[in-house]
Every structure is written in structure tokens, then in C-alpha cells.
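J.: This is the structure I have questions about; it appears just below.
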């Protein structure tokens, strides 16, 4: 059975890691303050979009099946809230290289911890047919609608 759902979520992880690399690159260039703020905000949106998407297709169903540690997931949720607040602070203030480096490091760690908490249970549940097959395009569409990197700004209805 193909692991399309997990592969799709993994591709979102890779996209988040690439976005964090971009933040690091921009942080080392003093004249890129505006681009840096936008990149940090994009990471924040992608993290939150990923959380909602993974929650809908993996975490929620796996919690329902009682295959995940609720306390660990709650701690990861609190960690994500802290990362989101830190991203807002960094994007709206003067760039502080130390704080940005810490943010990037903590965001990477969060992504890795979340993947470790969910991946094994998700693979097992998919292999056993306990999670429904979801087409990649649908998962990507939900991710984009939640503010992922492919998100398009809402357009004004002119009708």
C-alpha cells in the first residue's frame, strides 16, 4: 500500500525545513530586514497550516484510535503556540540574530519531535488499513487553504 499521506506530510516537513534555512540565510544579511520578517511570518503560517493539516488527517484519527500519547501531543501543542508567539515577535521587531537562531533551532526540534511522536503510529495504522487513503492533492489543498506556502491571498469578489 502506498504511503501517500505520510509522504505528503513528510514533503510539508521538508518544505518547513527549507523555509527555516531561508530564514537563516536572510538573518545573516543585514539589509534584508523586510524579507527576513516576511520569511519568519511565512514559517509561522506554514507551521500552523501543517499543524491543522496533520491534525485533520493523522493526529486526530490516531488520537481517536488511541495510538498516540495525549500528554506528549499536548506538550507539542504548547510548544507550537510558543513558537508562533516568538515568530510574531521576531517578525514585528528589530531582527536579533541570536533570537532568530534560537527560533530556527527550536522550530527544527519541534518538527522532529512531532514527526517522531506521530510517524511510527501513522505508518502502522496505514499498513493495517486503519487510516483512510487520502489523495495527495487533497492534503496539499487543505495545507494551502490553511496558509501553507502555496496559499493564495483571498481575492475580492467583484460580482
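J.: If I filter the stretch 114-126 down to residues being without any contact (Cβ under 8 Å) to a residue 60 or more places away in the chain and touching a helix residue (DSSP H, G or I) at 6+ places or on another chain (Cβ under 6 Å), which single residue comes out as farthest from residue 15 (Cα to Cα)?
T.: Let us first name the residues in the stretch 114-126 that are without any contact (Cβ under 8 Å) to a residue 60 or more places away in the chain, namely 116-117, 120-121, 124.
Now narrow it down to the ones that are touching a helix residue (DSSP H, G or I) at 6+ places or on another chain (Cβ under 6 Å): 117, 121.
Working: 117: 19, 121: 22 Å.
My answer is 121.
J.: Of (1) closer than 23 Å to residue 130 by Cα; (2) at pLDDT 90 or above, residue 45 satisfies all except one. Which?
T.: (1) is the only condition that residue 45 fails.
J.: Considering only the stretch 61-74, how many residues are surrounded by 13 or more Cβ atoms within 10 Å (Cβ to Cβ) and either under 20 Å from residue 5 (Cβ atoms) or modelled with pLDDT of 95 or more (or both)?
T.: 7
J.: At pLDDT 90 or above and within 10 Å of the chain's Cα centre (by Cα): which single residue out of 51, 21, 25 fits that description?
T.: 51
J.: Could you figure out which of (1) closer than 19 Å to residue 104 by Cβ; (2) in contact (Cβ under 8 Å) with a residue 24 or more places away in the chain; (3) loosely packed, with under 15 Cβ neighbours inside 10 Å isn't true of residue 14?
T.: Condition not satisfied by residue 14: (2).
J.: Condition first: free of Cβ contacts under 8 Å to residues at least 24 places away in the same chain, surrounded by 15 or more Cβ atoms within 10 Å (Cβ to Cβ) and within 15 Å of residue 83 (Cβ to Cβ). Can you find one or more residues in the stretch 25-42 that meet it?
T.: Yes: one or more hits.
J.: Is it the case that some residue within the stretch 95-103 is loosely packed, with under 13 Cβ neighbours inside 10 Å, modelled with pLDDT under 90 and either touching a helix residue (DSSP H, G or I) at 6+ places or on another chain (Cβ under 8 Å) or in a helix (DSSP H, G or I) (or both)? I'd like the intermediate steps shown before the answer.
T.: Of all residues in the stretch 95-103, those loosely packed, with under 13 Cβ neighbours inside 10 Å come to 97-98.
Subsequent filtering for residues that are modelled with pLDDT under 90 retains 97.
Then drop every residue that is not either touching a helix residue (DSSP H, G or I) at 6+ places or on another chain (Cβ under 8 Å) or in a helix (DSSP H, G or I) (or both), which leaves 97.
Looking for residues that are loosely packed, with under 13 Cβ neighbours inside 10 Å, modelled with pLDDT under 90 and either touching a helix residue (DSSP H, G or I) at 6+ places or on another chain (Cβ under 8 Å) or in a helix (DSSP H, G or I) (or both), one finds at least one in the stretch 95-103, hence yes.
J.: Spot the failing condition for residue 128; the list is (1) exposed (fewer than 13 other Cβ atoms within 10 Å of the Cβ); (2) under 24 Å from residue 149 (Cα atoms), and only one is missed.
T.: Result: residue 128 passes all but (2).
The values are calculated or read from the model by the stated rules, or taken from the named source; none is laboratory data. For clarity, every value in this text was computed on a predicted model and none was experimentally measured. We place every Cβ from the backbone using ideal geometry, glycine too, and count neighbours over all the protein chains shown.
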